[in-house]
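What follows is calculated from the coordinates using simple rules that are stated; it is not laboratory data. It should be emphasised that the depicted structure is a prediction, and the values quoted were computed from it without experimental measurement. All Cβ positions, even for glycine, are placed from backbone atoms using ideal geometry, and neighbour counts span all protein chains on display.
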Amino acid sequence: MATSITTPAIKLLQNGDHMNWDEFVERCEQIPDLPRTELIFGVVYMNAQRLEWHDEPAEEVRFLLKNYVRATFGIKGGEETTLQLAPKNGPRPDAHLRLPNWAGGNSYIDEKGWLTGAPELLIEIAASTANYDLHMKKDLYEQIGVKEYLVWRTIDGEFDAFDLIDGIFQRRDMKDGCWASQIFAGLTIDFPALMRTDYDQALKTLQHALNSPAHAAFVADLQTRKK
């Protein structure tokens, strides 16, 4: 007599589904080749990304952050990392930088390997997602204590910079368009150069900041804290 084997049905994910963190992770692990999928305040958001308006700009920003990480002792970074913010949040920012815990960082890797808590810097490349990057996700990042938040609105040709002051995001007025981190000394992003696709100039701007006394002092302080 043949033995039948019943395979559990795969529960699909759709935009607008409501669930908690545990169900979100379970469903994501069952479904291969998902588009970018996030859980924000218990609601699922799925977005296909466009090459010109998202992927290429994101890659250039990540390239600058990788250069910064290589030049800066102890600093960690990542791209499209899902943040474990149970019970109802799992955002997936385009890029992040974080201080190590021994230097006062607020995020950590939990026992299951998830990045948990608030990295000090989050960056979003917003094309079709601009609406919720500047509203729902901004509100979430403010609540969890992200210190600096950048949104590059590639379709609009604009960027927004926010600093957490007394628990509330305050928009930073950028006169020349270059953004300099107040947490990560020496990290300077030349958004005007990025917007006109002058990536060599954006890298030169960063390298100039990395050669500054402020960056050297920041690295020396990190090395001292690690001892």
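Couplings 3J(HN,Hα) of the range 19-26, computed from phi: 6, 9, 4, 4, 5, 4, 5, 4 Hz, in residue order, whole Hz [Karplus 6.51 cos²θ - 1.76 cosθ + 1.60, θ = phi - 60°; x for Gly and Pro]. With Rh defined as the Kirkwood radius, the inverse of the mean 1/r over Cα pairs, the Rg/Rh of the range 153-209 is 1.00. In this label model, Phe73 and Asn47 are separated by 3.8 nm, measuring between points 7 Å along each Cα→Cβ vector. With the simple model of a label 7 Å out from the Cα in the direction of the Cβ, Gln201 to Glu158 spans 2.2 nm. Taking 15 Å as the straight-line reach from the Cα of Lys112, the aspartates and glutamates in range (excluding those fewer than 8 positions away in the same chain) are Asp22, Glu26, Glu29.
Shown here are the Rg and Dmax of the Cα trace of the chain, at 19.2, 79 Å. Measuring nothing but how far apart in sequence close Cα pairs (under 8 Å, 6+ apart) lie, relative to its length, the chain scores a relative contact order of 14 percent. Placing R0 at 30 angstrom, the Cβ-Cβ distance between Asp33 and Glu56 gives a FRET efficiency of 0.90 after rounding to 0.05. In this structure, the pairs whose alpha-carbon distance is over 18 Å, taken from Lys66/Lys175; Lys76/Lys138; Lys147/Lys175; Lys88/Lys137, are Lys66/Lys175; Lys76/Lys138; Lys147/Lys175.
Model label points for Glu23 and Met136, set 7 angstrom from Cα along the Cα-to-Cβ axis, are 1.5 nm apart. Remark: the Gln170-Ala86 segment gains 27.7 nm on full extension, using 0.36 nm per residue and subtracting the alpha carbon distance. The trypsin sites (Lys or Arg not before Pro) of the range 92-159 meeting both criteria, a DSSP state outside H, G, I, E and B (loop) and at most 13 other C-beta atoms within 10 angstrom of the site's C-beta, are Lys112. Would you please classify the overall shape of the range 182-227 from the alpha carbon gyration tensor, given that a ≥ b ≥ c denote the square roots of the eigenvalues, rounded means a/c under 1.5, and beyond that prolate means a/b larger than b/c while oblate covers the rest? Prolate shape, in that a/c is at least 1.5 and a/b is the bigger ratio.
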